[in-house]
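Comments concern the structure below.
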Amino acid sequence: MGARRAKGSGVKGRPLRERLGFAAAGIAEGWRREQSFRVHVGIAATALVVLLATRPSPVWWAMFGIVAALVTAFELVNSALEALVDLLHPGLHPEVKAIKDMLSGAVMLAGVAALLVAAAFVAAHAQGWLAWWQGSGR
């Protein structure tokens, strides 16, 4: 039999505020440790500025929000699982490489989805931007 936890030592049953604190601590740790996470958050912040400047329909806000959340969440999962794998098996091993490659692939696929949303946004708004640019006397 595995080791048993003392009652109340886990996250379950704790107040929501305390559990949200754990989540915030995890995000802060990801920010502190992972440059990739900081880059993804920076890109998401840039997208937010673009949305604020262009004021698109709510569906664009939703799409950008979903892909930004997916990319940053996958980056946190990638970082956490890579750290766990390194802790459990610090040496080089083909399975460790495969695990890390699959995790990186998940982040990349979410990033590709974000790029597709950005490309669709530009395509949907390019004609209006061009008309505005030409009409502004430039």
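Results, tabulated for the structure shown:
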read-out	value
Positions within segment 52-70 being more than 13 Å from L116 (Cβ to Cβ), open to solvent by 70 Å² or more (accessible area, probe 1.4 Å) and in a helix (DSSP H, G or I), in sequence order	L52, A53, P58, V59, W61
Qualifying positions in segment 80-100 - touching a helix residue (DSSP H, G or I) at 6+ places or on another chain (Cβ under 6 Å) and either polar (S, T, N, Q) or under 30 Å from L116 (Cα atoms) (or both)	L81, E82, I99, K100
Only one of A131, A80, A126 that is in a helix (DSSP H, G or I) and in contact (Cβ under 8 Å) with a residue 40 or more places away in the chain	A80
Tally of residues being open to solvent by 50 Å² or more (accessible area, probe 1.4 Å) and not in a loop (DSSP other than H, G, I, E, B) across segment 83-119	18
Residue match in segment 27-39 (condition: out of contact with any Phe, Trp or Tyr (no Cβ under 9 Å at 6 or more places or on another chain), touching a residue at least 24 places away in the same chain (Cβ under 8 Å) and not in a helix (DSSP H, G or I))	yes
Cross-chain or 6+ apart pairs with Cβ under 7 Å, segment 98-119 first and more than 14 Å from A69 (Cβ to Cβ) and touching a residue at least 12 places away in the same chain (Cβ under 8 Å), then among the charged types (D, E, K, R) and in a helix (DSSP H, G or I)	K100/E82; L103/E82
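The values are calculated or read from the model by the stated rules, or taken from the named source; none is laboratory data. Small disclaimer: the values here were computed from a predicted structure and weren't measured. Methodologically, a virtual Cβ is constructed for each residue, glycine included, from the backbone with ideal geometry; neighbour enumeration extends over all protein chains shown. Note: areas computed on protein heavy atoms with side chains; ligands, DNA, RNA excluded. Shrake-Rupley method; radii C 1.70, N 1.55, O 1.52, S 1.80 Å.
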